[in-house]
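Report on the following structure.
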Amino acid sequence: MGPDRLSIQAFLDDLEASFRQASQRGEVASYIPELATVDPGYFGISVCLPDGSVLSAGDTQKPFSIQSISKVFSLAIALGREGDRLWKRVGREPSNFAFNSVVELEMEQGRPRNPFVNAGAIVTTDAILSGRTPKETLAELLLFVRAACGDDEVYINQRVAEAENRTGHRNYALAHFLKSCSNLNSPCDRVLGTYFHQCAIEMSCQQLAAAGRFLAGFHPDFDMIGEPHVRSINALMMTAGHYDGSGEFAYSVGIPAKSGVGGGILAVVPRRASIAVWSPGLNRYGNSHLGTLALEKLSRFTGWSLFEVARV
Ligand code: GLU
C-alpha cells in the first residue's frame, strides 16, 4: 500500500516550496520565439486519483504550451482510426538521436523510429489529416482533448503556432524528407500547419492530469480508443516519451510519461494516478529539468514506479 491522499498532498506542498527556491531550473526552449519569453520560475504539479480527486501544488491553473504532449492525443486518434496500419509508416523503437534529428530519419529510410520524435509525429498528423481539412482535424483533436479532461476551456494559441510555422525549418526539412520517401500523403505545408497548431494547444496541469485518466484506466466515461491501444501508447511513452533521454527517465522515474518543450510532462501510473507537472526550464534532452526531478521524488515517495517491488 502506498501513502494516503493527505500525505501525498503534504508531499506535493513541500516539493513545491523547495522547488520555488531552486536555482538550477534548466533552460527554456528558445528555438520557438514565443516560448523563449516564458518565465522559468513557474512550477506546478497535479495528481489525479482514481476516485476523481485532484491533488495540486503550485501554478496548476495556468495554461502552458503542451507542445509534444499533444503527440499522445494525435496518436490516440490515429490508432483509433487506422489501428495497426499506422505501424507500416512509423516504428516503435526508442530513438538514439535528438527529437528533431534529420540524420536518424535518413538512416531509417524515411520511417521514423517512433510516433513521439518529431518526424514520427508529423506522419501521425498526416494520418489523422487523411480525408479531412486541417480545420476539421484540429476540431476533432480539440474535441478529443476536451472530452478527455472534461473541460471545454482548452484552446490553441495561434501566435505560438504561427511563430513555429515561421521558424520551424527543421520540421520542414523532416517533412520534405518524409515526402521524398513517399511517407507523407498531404502537402508538407498542410501537414506542418496542422502539426504546429496541435503543438500550440495550451492546458493547465489540472486539465492535463484529468486528460491523462483515459491512459491510466479510470476515466469515468471515456472509451474512445480501447484497451489495446491504451496499452500501446503507455508502452511507447515508457520507451520513447522522453526522446533519447527515455532510458534515463525509466531508470530514475519508472513511469510512462510524455514531455514537451513547453516544460510540461504527462505521466501515467496505470490504475493509480495521472500526473501533470510543469516547469519551463529544460534539460539537455529537451525535457523539463525540475519536472523530471519532481516525478522522480514523487515516484520514490509513493512507490508508483512500474519497477517497484518493495511495496506491492
Ligand atoms: N513543436 C515542437 C517541435 O516540433 C515540439 C517538440 C517538443 O515538444 O519536444 O519542435
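Residues that are within 30 Å of Arg170 (Cβ to Cβ) and in contact with a Lys or Arg (Cβ under 7 Å, 6 or more places away or on another chain) were ranked within the range 188-231; the one that is surrounded by the most Cβ atoms within 10 Å (Cβ to Cβ) is Ser204.
Here Thr133 passes the criteria (1) polar (S, T, N, Q); (2) at pLDDT 95 or above; (3) within 16 Å of the ligand (Cβ to nearest atom) except the one numbered (3). Of everything listed in (1) in contact with a Gly (Cβ under 8 Å, 6 or more places away or on another chain); (2) farther than 24 Å from Gly80 by Cβ, the single unmet condition for Ser259 is (2). Annotation for the range 43-55: at least one member residue is away from the ligand (no atom under 16 Å from the Cβ), within 24 Å of Ala250 (Cα to Cα), among the β-branched types (Val, Ile, Thr) and outside any helix (DSSP H, G or I).
Note on the range 70-83: residues that are at pLDDT 95 or above and either in contact with a His (Cβ under 6 Å, 6 or more places away or on another chain) or away from the ligand (no atom under 15 Å from the Cβ) (or both) amount to 4.
Pairs are defined by a Cβ separation below 6 Å, a sequence spacing of at least 6 or placement on different chains, a first member in the range 60-78 that is more than 13 Å from Ile156 (Cβ to Cβ), and a second member that is among the charged types (D, E, K, R) and within 12 Å of the ligand (Cβ to nearest atom); the pairs so defined are Ile69/Lys258; Val72/Lys258. Taking the range 167-209 as the range and being under 29 Å from Asp152 (Cα atoms), out of contact with any strand residue (DSSP E or B) (no Cβ under 9 Å at 6 or more places or on another chain) and either more than 11 Å from the ligand (Cβ to nearest atom) or of a type in the set (S, T, N, Q) (or both) as the test, the residues that pass are Asp189, Arg190, Val191, Gly193, Thr194.
Within the range 1-16, track down each residue that is in a helix (DSSP H, G or I) and touching a Lys or Arg at 6+ places or on another chain (Cβ under 9 Å). Residues satisfying the conditions are Phe11, Leu15. Of all residues in the range 17-37, those that are among the small types (Gly, Ala, Ser), within 16 Å of the ligand (Cβ to nearest atom) and in a loop (DSSP other than H, G, I, E, B) total 3. Looking at this structure, is Leu236 away from the ligand (no atom under 13 Å from the Cβ) and farther than 26 Å from Ala139 by Cβ? Judged against the criteria, Leu236 is not a match.
The values are calculated or read from the model by the stated rules, or taken from the named source; none is laboratory data. What you are looking at is a predicted structure, and each value in this text was computed from that prediction instead of being measured. So basically every Cβ, Gly included, is an ideal-geometry build from the backbone, and we count neighbours across all protein chains shown.
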